[in-house]
Amino acid sequence: MDKGEEDVSNKQVLLRDYVYGSLKETDMVLSTGTTHLKAPQGSKAILVKNIYLACDPYSRELMKKGFLDDSIKPGSAIAGFGVAKVLDSDHPEFKVGDLVWGMTKWEEYSLINKPEFMFKIHNTDVPLSYYTGILGMPGLTAYACFFELCSPKKGDYLFVSSASGAVGQIVGQFAKLMGCYVVGSAGSDDKVDLLKNKFGFDEAFNYKKEPDFDAALKRYFPDGIDIYFENVGGKMLDAVLLNMRPHGRIAVCGMISQYNLEQHEGVHNLVNFIFKRIRMEGFVVYEHVHLYPKFLDLTLQYIKEGKMVFIEDIIEGLESGPSALIRLFAGHIVGKPVIRVSSE
Ligand code: NAP
């Protein structure tokens, strides 16, 4: 292809090689390529300018070879969710200027080959960045995993781990609106303060200050847990199993404590599944996209009525992406990290 007037330089964050064990900043490489600002004729693709990119644990999982058949190939741009503007379209349902959210790449401009998996953004009277968080994939995850898997009822006792993260903060607020008693765990006193004073959790604790998770859970749930919304796995899951009530539900949304381990930890207290007749179910958001319109209507209404809030940390520039992802895993970011790639 000749370099023409529609060719622009395209800053990208590339994956150096598949990642096993702890993710390092050097696993991601900043590079500048060239992109043709046209969707090829007959391709049904769209060419977008990325505005916000989500910093999600999911992007790190995609760096493992064979992850959900969807891994990022070494040398390619990191894949992740984002908000973007259509610059050119070869797809009948998308036109220049449309705002969309969905899977894109960590780069300034992306060619989206299957735009039918992107969502058009129609409501722009909320921050656009929310479509990487409360109105995007983490929001839908919280909604679908809570309402579809947890069978929540008013008065249920709910525990959510990594509660101040993108998914956790939303789950806790949906559960409060439903009339549940909600306790969250998080990794710093500031996050605990947010859970209690910003998101309206009944209680919260700093798990890093608790030498014995079983004792901590018994303190907050003397009568046991009805619903555990699992975000972390490992030792917390083991302690939760000792504290579930009969017919309790565990929705397995994530297990972030395991993602950087080469060998996953074992779980010891599985016998409680029998004693307590517990139901535990894994969740993948892709199976619930049909719920998006219903979720969006409800959540937009809650946001506009001031019944739900969302905390995000906007990080400037694509080049800050790798360090933000490392800081997310280290627990050093409060709320949802969002990378601002370009102006709206
Ligand atoms: P998140 O919870 O904000 O994840 C980052 C947080 O995890 C960190 O800030 C840290 O918070 C905590 N963390 C990191 N290492 C930990 C460890 N070893 N033990 C305990 N906590 C640790 O991310 P999110 O986007 O809201 O997602 C929540 C979970 O849902 C993740 O596990 C994610 O993979 C999963 N997820 C699943 C789906 C699905 O379809 N199944 C979709 C979206 C998300 P602290 O400071 O509190 O430790």
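Only the coordinates and a few stated rules stand behind these numbers; no lab work does. All values derive from a computational prediction rather than experimental measurement. Glycine gets a Cβ as well: all are built from the backbone with ideal geometry, and neighbour counts include every protein chain shown.
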Gyration tensor verdict on the chain (Cα atoms; rounded if a/c is under 1.5, prolate if a/b is larger than b/c, oblate otherwise)
prolate
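Order these peptides, 32-39, 174-181, by their mean beta-carbon neighbour count within 10 angstrom, highest first.
Details: 32-39: 15.9, 174-181: 19.5.
Highest-to-lowest ranking by the protection proxy: 174-181, 32-39.
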Provide 49, 208 in ascending order of the number of other Cβ atoms located within 10 Å of each residue's Cβ, fewest first.
208, 49
Residues whose built amide H sits under 5 Å from the amide H of residue 19, excluding neighbours closer than 5 in sequence, are 64, 65
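Sort 74-85, 113-124, 7-18 by packing, meaning the average of other beta carbons within 10 Å per residue, with the highest value first.
Top of the packing list down: 74-85, 7-18, 113-124.
At a 10 Å Cβ-Cβ cut-off, how would you order 274, 315, 112, fewest neighbours first? Numbers along the way, then the final one.
Working: 274 8, 315 19, 112 23.
Fewest-to-most ranking of 274, 315, 112: 274, 315, 112.
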Mind checking which of 229, 206, 258 is farthest towards the positive end of segment 194-266's charge dipole, using Cβ charges of +1 (Lys, Arg) and -1 (Asp, Glu) about the Cα centre?
206
Computed about the Cα centre, the charge dipole of segment 92-172 from +1 Lys/Arg and -1 Asp/Glu charges at the Cβ has a magnitude in debye, to the nearest 20, of 200
What are the ³J(HN,Hα) couplings of segment 123-135, residue after residue, when phi is run through the Karplus curve with 6.51, -1.76, 1.60 and θ = phi - 60°? Round to Hz, x for glycine and proline.
9, 10, 8, 10, x, 4, 4, 4, 6, 9, x, 4, 9
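All other residues with a Cβ under 13 Å from the Cβ of residue 141 taken together, and with Lys, Arg as +1 and Asp, Glu as -1, what is their net charge?
Taking every other residue near residue 141 into account, the sum is -3.
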Residue-wise HN-Hα coupling along segment 189-199, computed from phi with Karplus coefficients 6.51, -1.76, 1.60 (Hz; x: Gly, Pro)
5, 5, 5, 4, 4, 4, 4, 7, 9, 10, 9
Residue 313's amide H: which non-local residues (gap 5+, or another chain) put their own amide H closer than 5 Å, with H modeled 1.01 Å from N in plane and none for Pro or chain starts?
336, 338
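Going by a ≥ b ≥ c, the root eigenvalues of the Cα gyration tensor, does segment 137-286 fall in the rounded group (a/c under 1.5), the prolate group (a/b larger than b/c) or the oblate group?
Details: a/c = 1.16, a/b = 1.10, b/c = 1.05.
In terms of gyration-tensor shape, rounded.
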Per-peptide average of other Cβ atoms within 10 Å, ordering 147-160, 299-312 highest first
147-160, 299-312
